[in-house]
Structure formats: C-alpha cells, structure tokens
Amino acid sequence: MRFKNIVFLLLAASLIVMLAACSDDDETDAGGSEEALDNLNEEGMPIVDEEIELEIFAGKAATTADDWNDVLLLNEYEEMTNMNITWNQVAADGLDEKRNLALASGDLPDAFYAANIPVSDIQKYGDQGTFIPLNDLIEEYAPNISKVLDENPDIRKGLTFPDGNIYSVPTVYSPDFESLLIGAKGWVNGDWLEQLDMDNPETTEEFYEYLKAVKETDLNGSGENDEIPLSSVAEMSRIIHWISGAFGVQNKGQLHTLIDEDPDSGDIRFFPIHEQYKEMLEYLNRLYDEGLIEESIYSLEVDQHLANAADNLYGAVQFYNPIELYGEEVGSQFIPGNALEGPDGTKMYTGITSPLRSLGNFLITSENENPEATLRWIDYFWSDEGSKMFFMGIEGVTYEETEDGPELKDEITDNPDGLTLTQALAEYIINPGGNHPVMVTDDYFTGSENAPTDIEAVEEIEPYLIDEIWPAFTYTAEENDDISVLETDLDKYVSEMQAAFITGEKDFSEWDDYVEQVESMGLDDYMEIQQAAFERYKEN
C-alpha cells in the first residue's frame, strides 16, 4: 500500500510540473522572444535598437490619407521608433469580407488597426489564441493606456471579456470631453424665435408649439410657407436622442437602443415595449402627422439637408454645428436647444455615448514576434506629446505653437487649393476618419465638437445629462451564438415598427399586438443573456 501511495504522489507531482510548464508556455506565447525583448527599449525613443518590420491590416476611411505607407506623420514616427510598418489598407466596402477572410484563413497580419472587429469575433478569436491577451503587457509596456484604465474603472470594466482578458486597445473619448460624447446636438433657429416672440422651448409641449408656429409663418420671407420645422439626416435616431430623456427611455446612453434601467425597480429592462416608449412614439407621430418633421426624414441625404439649410428652411435641427455646416450667415441664426421636460415632468438628456467607443480597433495577433514593441508603438499616441502629433501633425508643417497652445497653420485652415480642413489634414496625418485606437481629448481635437457654440450647447444641457452611461456589453462564446441572432431579429423588428408608428403606417391600436410579437421573439432568453452580461460588467 505504501508503494502505491508513493507512486501516486510521484505521478501527482509530475502532473503539477507539467501543468506549471504549460502555464509558463501560455504566458510566454503572449509575449515576444528573448531576442525581441533584448532589442526593446522599455521607455523613450527609439522603441527598438535594431529595426523591426510589422505588417498591419488597416481599415481605410474615405476621408483619410490614400496611402499610409507614405504619409508624413507615419514617416516621421517610423524614424522615431525604428519600426518599419507595411500598411495593408482596406476600404470600408470590402473591409468585413477581407478581415473575415484573414481571420478564417489563418493568414494573419501582426496586428489589426481600425478594422472594426465585432465584439463577438474578438471573443471568438481571443478564445482560440488568434488575438493575444494584453492585460500584463499593458501594465508593463503601455504606461499611458494603463493610466487611463486606472483612472477610469468603467472603461476597464467594459474592455474586459468574460474570461478576464483584455484583447484590444480601444477607441476612447475622454470622459471630460462631453461635447464629443454627445456628438450631434439639438439647435433652434434663434432668429425665428425672436420673430415669433417665443422663448427657447423648455418642454416637449413648448417645442411642439414652436414647431407648429414655424410651419404656419413665413419666417424666411420667401412669400410662401416652405419652412421645415424640424429635421435631421437620413434617420430618426438623432431626433430621438434629443427627446428620449423627456420620456425617461434609453436612459443609459446611445449605445443601448433596446435596453436601459427601469427607473422604479433599478432592473434592466427592454424599454421598446414600455409605456414611456409608447408615449414618445405618440409624440413623434403627432409631429410627423402635422408636418412638423421633414417628410423625407428616413431617406434625406446630407447634400439635400445642406441645400435646404442654405435656403434658410429649418426651424430646428438635430445635427452637427450649424455654423460649420451651413456657413456663418445661416448657421449663426441657430442657438443651442434645451434638454426638454416631458409630460410627467421628467427632464434628462440621454443622447450621450460611453467613453469606450469601440473595442475592435487594435488587436495584436499570435503571429506578432514583437508584441511589446507593437504595444509601445500605439501607447505613445496616448501620451500628451503623442496625442498632439497624432491630431495636429508636425510642428512647423501643419501647426505652430502659440501662447494659446498649438494652432493649425493657415494653409490647413484656409487652404489655397480650396481643400476643406479634413482634406488638407489628410495629406499629412491619418486622423481624418474614425476608428483610431487612441484617446480623443479636447486638447488637440480639430472637429466641430470643439467649436465655441458646441461648448455652449453642452453647458446648457450638462445639468440634465444622465449619471451612468453603459458601454457595449461583452458575452461568453455560448451567449454570443444566441444573442447575435436574437438581437438582430429584435432590433430589426423594433426599428421597423418604430418607423411605422411614427409615420402612421401602423395605428397605436395595434400596440398590444406589437408587444406580443416582441415577447414571442425570444425576449426572455435575450434579457437573461443581457442580465448576465450586465452583472459581469458591474463585477469586473
């Protein structure tokens, strides 16, 4: 018996050693070789002593530089870092197909950049080892990213997958940059308010009365009633961002269009079947039925919207900065719209997004032999000096330092060749276009959200902003399989019926049938998954 015990103990000890060795191998797999680490400088520039080469798959926005292999910003950064990167850019119309092909075939780049990889794919390929976990690497080699995560626990929570791993460097909007988190805002034609001797609307009913007066009055002096009381572009969601808070729905921000928090119980709820949501749709139907919302709201393109604005047709809009878009003469008529109070006294502004914008924009693959250097490469752009370089370009070429801070040069802001600001910057930097895995702050951001009127608009609604903003949730592999189908079907049906109720295609006498249909589409299963994901988010 004693001999058997000894044999058992020896086998157990051997198993422990084997498991420890496997664990050590797993940790080694997430990092570079000893040779790569010997070549790495843990701080300062260059990042590596001997030049290394990386291949990066990158999504290409229409507004960005045509060829990232020859753009000033990256050329300068290559010299600084000693890292030679080959950029394989893929335009938006082919991005999903080529990205999925690369992932499925195993023919992997060293990293994916601005590739907009879905959360479900991050989880799937992270599980398989295609994407390496970054938790320890961030702590050791990315001090700027690590600092942001330490100072903003909600960002870290939203970035962490159910297995406890962080697989990506996300796009982050500074929590302090509320103007950018809100994005498009509500604007009211202040000149027309004066003509009508009306105050800037504070309630949904006052807003209705103003829009009705716009429709009935020749405010632009054209000699006919061609005024359009309220507009946005190609969708109703922006207008809903303005008024949903007055009805108490979508109260955890823009990223969650189906779930929010029940204000009575504090539980997670599917708000598109609740009475407050129905009241919001009834209000919007009233506006649409009386011709107070632009009739073509669901198909209106930007060009036509801008043409209508140039003809001075709009009484209120929910869009980006009017001066930037419509020009000084028309745009300066508009003043920031208020957060509106609803019929039951509810007054909040829910049209704001989470600082954690996208998880799928920088992932390092298992093919990468220099993950530490690669992470240091992106981490620099999270520092103050790196952020300035990323957004402003190169001093003396694209900007100059002034007493008030860095300012873009005249040839960028007032281009002699007639290029817009975005077009002029795209010749030197890669920032124009979205999905960059950096932190966007108001220090160096050149978009309209930093304009004085936008800042004024935020000051008006800031007291009514929701306190907690949910990021997109992450799911287990099993949950992903189910929720991808459930959410697609539910979102499609809810969106179709939302439009149908607002435009009058469906009568509100059919509301109960709509609710029954939603409940029959696996709603209980959907909410069970969301509840589990929400609880994990809170516990991360």
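The values are calculated or read from the model by the stated rules, or taken from the named source; none is laboratory data. Source: prediction; values computed, not measured. All Cβ positions, glycine included, derive from the backbone under ideal geometry; neighbour counts span all protein chains shown.
Would you mind finding the one in 264, 218, 191 that is in a loop (DSSP other than H, G, I, E, B), at pLDDT 95 or above, surrounded by fewer than 22 Cβ atoms within 10 Å (Cβ to Cβ) and not small (Gly, Ala, Ser)? Outline the logic, then answer.
Values: 264 fails: at pLDDT 95 or above; 191 fails: in a loop (DSSP other than H, G, I, E, B).
The unique qualifying residue is 218.
Can you find even one residue in region 271-287 that is out of contact with any His (no Cβ under 7 Å at 6 or more places or on another chain), in a loop (DSSP other than H, G, I, E, B) and closer than 24 Å to residue 357 by Cα?
No - not one qualifying residue is present in region 271-287.
Taking into account only those residues within region 124-146 that are in contact (Cβ under 8 Å) with a residue 40 or more places away in the chain and within 21 Å of the chain's Cα centre (by Cα), which is nearest to residue 384 (Cα to Cα)?
This residue is 144.
Among the residues in region 294-305, are any closer than 30 Å to residue 466 by Cα and touching a strand residue (DSSP E or B) at 6+ places or on another chain (Cβ under 6 Å)?
Yes, region 294-305 contains at least one residue that is closer than 30 Å to residue 466 by Cα and touching a strand residue (DSSP E or B) at 6+ places or on another chain (Cβ under 6 Å).
If you scan region 493-516, which residues turn out to be in contact (Cβ under 8 Å) with a residue 60 or more places away in the chain and of a type in the set (Gly, Ala, Ser)?
Listed by number, the residues that qualify are 499, 504.
Within region 310-365, which strands (runs of 3 or more DSSP E) (wholly inside it) include 1 or more residues that are over 26 Å from residue 174 (Cα atoms)?
Counting at least 1 such residues, we get 314-319, 334-336.
Which residues, taken from region 190-213, are more than 16 Å from residue 340 (Cβ to Cβ) and either in contact with a strand residue (DSSP E or B) (Cβ under 6 Å, 6 or more places away or on another chain) or not acidic (Asp, Glu) (or both)? Walk me through it before giving the result.
Within region 190-213, the first condition is being more than 16 Å from residue 340 (Cβ to Cβ), and the residues that meet it are 190-192, 194-197, 213.
Hits for region 190-213 are 190, 192, 195, 196, 213.
Go through (1) part of a helix (DSSP H, G or I); (2) farther than 25 Å from residue 245 by Cβ; (3) not basic (Lys, Arg) and name the single condition residue 436 misses.
Here residue 436 clears every test but (1).
Kindly provide the set of residues from region 275-297 that are in contact (Cβ under 8 Å) with a residue 24 or more places away in the chain, more than 18 Å from residue 497 (Cβ to Cβ) and not hydrophobic (A, V, I, L, M, F, W, C), ordered by number.
Matches in region 275-297: 290, 291, 294.
Give me the pairs: first residue in region 517-535 and closer than 15 Å to residue 274 by Cα, second residue part of a helix (DSSP H, G or I) and not charged (D, E, K, R), beta-carbon distance under 6 Å, and six or more apart or on different chains, which are they?
518/273
Please work out if residue 534 is touching a Phe, Trp or Tyr at 6+ places or on another chain (Cβ under 7 Å), assigned to a helix (DSSP H, G or I) and more than 24 Å from residue 181 (Cα to Cα). It would help to see each step written out before you state the result.
On the way: touching a Phe, Trp or Tyr at 6+ places or on another chain (Cβ under 7 Å): yes; assigned to a helix (DSSP H, G or I): yes; more than 24 Å from residue 181 (Cα to Cα): no.
Criteria not met by residue 534.
Being in the same structural domain as residue 119 (by TED's automatic domain parsing) and assigned to a helix (DSSP H, G or I) narrows it down to one residue among 88, 75, 84; which is it?
Only one candidate qualifies: 75.
If I filter region 223-243 down to residues being more than 17 Å from residue 503 (Cα to Cα) and without any contact (Cβ under 8 Å) to a residue 60 or more places away in the chain, which single residue comes out as farthest from the chain's Cα centre (by Cα)?
223
Would you be able to say whether some residue in region 235-243 is surrounded by 14 or more Cβ atoms within 10 Å (Cβ to Cβ), over 20 Å from residue 341 (Cβ atoms) and small (Gly, Ala, Ser)?
yes
Tally time: how many residues in region 81-98 are surrounded by fewer than 16 Cβ atoms within 10 Å (Cβ to Cβ) and farther than 17 Å from residue 114 by Cα?
The total comes to 1.
Quick check on region 447-466. Is at least one of its residues over 13 Å from residue 179 (Cβ atoms) and assigned to a strand (DSSP E or B)?
Within region 447-466 (the criterion being over 13 Å from residue 179 (Cβ atoms) and assigned to a strand (DSSP E or B)), the answer is no, since none of the residues qualifies.
I'd like the full set of residues that are within 20 Å of residue 237 (Cα to Cα), surrounded by fewer than 21 Cβ atoms within 10 Å (Cβ to Cβ) and out of contact with any Ser or Thr (no Cβ under 8 Å at 6 or more places or on another chain), limited to region 338-369.
346, 347, 353
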